[in-house]
Amino acid sequence: MSIEGAANFLIGAILVGLGFSVVGIVIVFLNNLFAKYWNPIGWPSMMSAPPPSYIEDENRIDADPKKEVKPKNI
């Protein structure tokens, strides 16, 4: 490898490193802008999931041994 080739390699490596650092700084800057000013878009109510409903089980027996369990008259 000649001196010219080594110098070109060194300059190229430095420029590639600087390019990667500039791209990284731009990505961090854009990320900070998005995090600061981004507002999530809400879906219309007809497109959202229905609210969860909890069904009461009338025949459920609790696992508490101190509580007296009375059977229901059917």
Distance (nanometres) between label positions extended 7 Å along Cα→Cβ at residue 7 and residue 31: 3.9 nm
Computed label-point distance, nm, for sites residue 14 and residue 46 using a 7 Å Cα→Cβ extension: 6.4 nm
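Rule-based calculations on the coordinates, nothing more; no lab input. Quick caveat: nothing in here was measured; it's all calculated off a predicted structure. Quick reminder, even Gly has a Cβ in these numbers, built from the backbone with ideal geometry, and neighbours come from all protein chains shown.
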